Amino acid sequence: MAQAGPEGSAVSLVRVEKLCKTYTLGKQQVDALRDVSLTINAGEFLAIAGPSGSGKTTLLNLIGCIDTPTSGELVIGEDSVAGRTPDDLAELRLRTMGFIFQTFNLLPVLSAAENIEYPLLQMKELSRSERRKRVDEYLEVVGLERFRHHRPNELSGGQRQRVAIARALATHPRIILADEPTANLDHKTGGSILALMKDLNRTRGMTFIFSTHDPSVMDMADWVVEVNDGILTEHGIFKTWDVREHLASLEKAFDDLLSQAFTEMPRPEAERKREEIRRRTTRTAAPAADWADQTLMR
Ligand SMILES: Nc1ncnc2c1ncn2[C@@H]1O[C@H](COP(=O)(O)OP(=O)(O)OP(=O)(O)O)[C@@H](O)[C@H]1O
Ligand SMILES: [Mg+2]
């Protein structure tokens, strides 16, 4: 899903180079991330998987410039983040990133609409009416127009997370970082939140980087990397639906070939031949979709 660059190459949006993060707690040191390298292209829908304590939040916080690495380099777009002042970083975050958190992090005294408007207040170039227009637009994107005046405690968990998504999107960031966005939601609501994120990724080309330990959430990602004990252990799981699509197109090509191959024969004979070839090929190979499921589903 990477966007093509000028020479047809993918556009790198986040580049992480040998990133390390060590936390010091009293005399104890915790290596939360060790030598993590990763390039994330524009348009990606990436899941960071891994057990509790493996370093997912640490990695997201570093990419989001909320925290600073102990060593290594982080490049956002073309620019290295190293040596930036806190004000510069705040500006970079405001202009480039949208954040979605496990616990939604909405301001309890503000309505849904005011929560979405809140980060826009820092964008001085936006007039009041432009701000209102954006709020309306993103309330509609997440399907909450009717709930604009509700405060967070007057909304369900799924609705709160929708407000948080609208708030993250309203500043038009290039990257959305989401730390376990579905962990506090039931399975069905979590699924609809993920579906909304994926739709925004597909239709608006937004880049999503989200962490999860839920296998059904990982399954919706285009690309999954895994962190284990601070080490990035797995890259680029080949997703089942890609294989399925590919196999389906091969099957169709095979069928077309079969159809063409026997055009000279009398029809009943051609049918018999086609059937025989189909029987032989399905005896040796499982149907494509089953094969993809059995071989690639984890
Ligand atoms: N501020 C901190 N001070 C000290 N240690 C920390 C701090 N934040 C995280 N750690 C440690 O770093 C390691 C990675 O933590 P992190 O929060 O990134 O894990 P995680 O994969 O997000 O876990 P979870 O799935 O439970 O959210 C853990 O061992 C944790 O205890
Ligand atoms: Mg975490």
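Take Asp136 and tell me if it is within 16 Å of ligand 2 (Cβ to nearest atom) and in contact with a Lys or Arg (Cβ under 9 Å, 6 or more places away or on another chain).
Numbers: within 16 Å of ligand 2 (Cβ to nearest atom): no; in contact with a Lys or Arg (Cβ under 9 Å, 6 or more places away or on another chain): yes.
In short, no.
Within the stretch 28-39, restricting attention to residues that are crowded, with 21+ Cβ neighbours inside 10 Å and under 21 Å from the mean Cα position of the chain (by Cα), the residue that is nearest to ligand 2 (Cβ to nearest atom) is Leu33. For the stretch 170-189, the tally of residues that are under 14 Å from the mean Cα position of the chain (by Cα) and within 16 Å of ligand 1 (Cβ to nearest atom) stands at 6. Checked against (1) in a strand (DSSP E or B); (2) more than 10 Å from ligand 1 (Cβ to nearest atom); (3) not small (Gly, Ala, Ser), Asn105 passes all but a single condition, namely (1).
What do you reckon, is Ile63 surrounded by 15 or more Cβ atoms within 10 Å (Cβ to Cβ) and touching a Phe, Trp or Tyr at 6+ places or on another chain (Cβ under 8 Å)? Outline the logic, then answer.
Numbers: surrounded by 15 or more Cβ atoms within 10 Å (Cβ to Cβ): yes; touching a Phe, Trp or Tyr at 6+ places or on another chain (Cβ under 8 Å): no.
No, not satisfied.
Just the residues that are within 16 Å of ligand 2 (Cβ to nearest atom) and touching a residue at least 60 places away in the same chain (Cβ under 8 Å), please, taken from the stretch 99-113. Walk me through how you get there before you give the answer.
In the first step, residues of the stretch 99-113 are kept if they are within 16 Å of ligand 2 (Cβ to nearest atom); the result is 99-105.
Residues satisfying the conditions are Phe99, Ile100, Phe101, Gln102, Thr103, Phe104.
Just one of (1) outside any helix (DSSP H, G or I); (2) modelled with pLDDT of 95 or more; (3) surrounded by 14 or more Cβ atoms within 10 Å (Cβ to Cβ); (4) away from ligand 1 (no atom under 16 Å from the Cβ) fails for Leu120. It is (1). Report yes if Gly64 is under 24 Å from Gln122 (Cβ atoms), within 16 Å of ligand 2 (Cβ to nearest atom) and within 19 Å of the chain's Cα centre (by Cα), otherwise no. Yes; evaluated as a whole, the condition is true for this residue.
The values are calculated or read from the model by the stated rules, or taken from the named source; none is laboratory data. Because the structure is predicted, anything quoted here is derived from the model rather than measured. Quick reminder, even Gly has a Cβ in these numbers, built from the backbone with ideal geometry, and neighbours come from all protein chains shown.
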